[in-house]
Amino acid sequence: MFTLAIVGRPNVGKSTLFNRLVGKRLALVDDQPGVTRDLREGTARLGDLRFEVIDTAGLEDATDDSLPGRMRRLTERAIAVADASLFLVDARTGLTPTDREVADLLRRSGHPVLLAANKSEGQAAEAGFLEAYELGLGEPLALSAEHGEGMAELAAVLRPLI
Ligand code: GDP
Ligand code: MG
């Protein structure tokens, strides 16, 4: 089955989106010991679409210095196992250096990438949404994983890939 990896630095809303797509309310990724801790897979339902989705985690303990390196390794793993990546950035905080590094890696990989600016509900997200264009990954989707906004648009861009 088509597999989509949700990638992005900590706190952009990856697990919130995973839970919405998979339908589980709890994403206690940090509390699960063992080797499956940093990649969690489930079957997503989005309208009539069904696909596998991977939540990348395990970065939350990283110190500031090690985050870019860990992001790079995790993104490389996600690229290796998934058919496409959904790269989430946070429209409320705007871009960070780590976002830009991950974007460079994704762009160079040639792996199919969908860019989404999460937390896009409300006016506080407008500047961050526009900033996402700077990543050179095409037009960002405006999502709100928490409020369920942008899900039809996400389905529309995924449909031709699946
Ligand atoms: P992850 O570290 O990327 O997996 O991020 P989480 O899914 O754990 O979310 C981090 C924080 O962002 C949590 O407090 C969420 O409730 C919040 N969050 C997630 N999605 C949204 C959204 O669409 N809008 C807003 N305002 N907050 C969100
Ligand atoms: Mg998470």
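Quick notes on this structure:
- Only Lys, Arg (+1) and Asp, Glu (-1) charged, at Cβ; the chain dipole about Cα centre in debye: 440 debye
- Between L49, L115, L95, the residue with the greatest mean-square fluctuation in the GNM of the chain (Cα pairs under 10 Å linked by springs) is L49.
- Segment A124-R108, extension gain: residue separation times 0.36 nm, minus the distance between their alpha carbons: 2.7 nm
- Subtracting the Cα-Cα distance of T96 and R50 from 0.36 nm times their residue separation leaves 13.3 nm of extension gain.
- Hydrodynamic estimate: the Kirkwood radius of segment 3-161 over Cα pairs, inserted into Stokes-Einstein at 25 °C and 0.890 mPa s, corresponds to D of 158 µm²/s.
- Were the residues from A80 through L161 laid out at 0.36 nm apart, the gain over their Cα-Cα distance would be 27.5 nm.
- Amide N proximity, segment 141-162 versus F2 label position 7 Å along Cα-to-Cβ, cut-off under 17 Å: 141, 151-162
- Positive contributions from Lys and Arg (+1) and negative ones from Asp and Glu (-1), summed over other residues with Cβ under 13 Å from the Cβ of I162, come out at 0.
- Here the Gaussian network model covers the chain, with springs between Cα atoms less than 10 Å apart; of A80, A57, A91, A80 fluctuates the most.
- Residue of D48, D104, D90 that the Gaussian network model of the chain assigns the largest fluctuation, springs spanning Cα pairs under 10 Å: D48
No value in this document is a laboratory result; all are computed from the given coordinates. This one's a predicted model, so the numbers in the text were calculated from it and none came from an experiment. Note: ideal-geometry Cβ built from the backbone for every residue, glycine included; neighbour counts use all protein chains shown.
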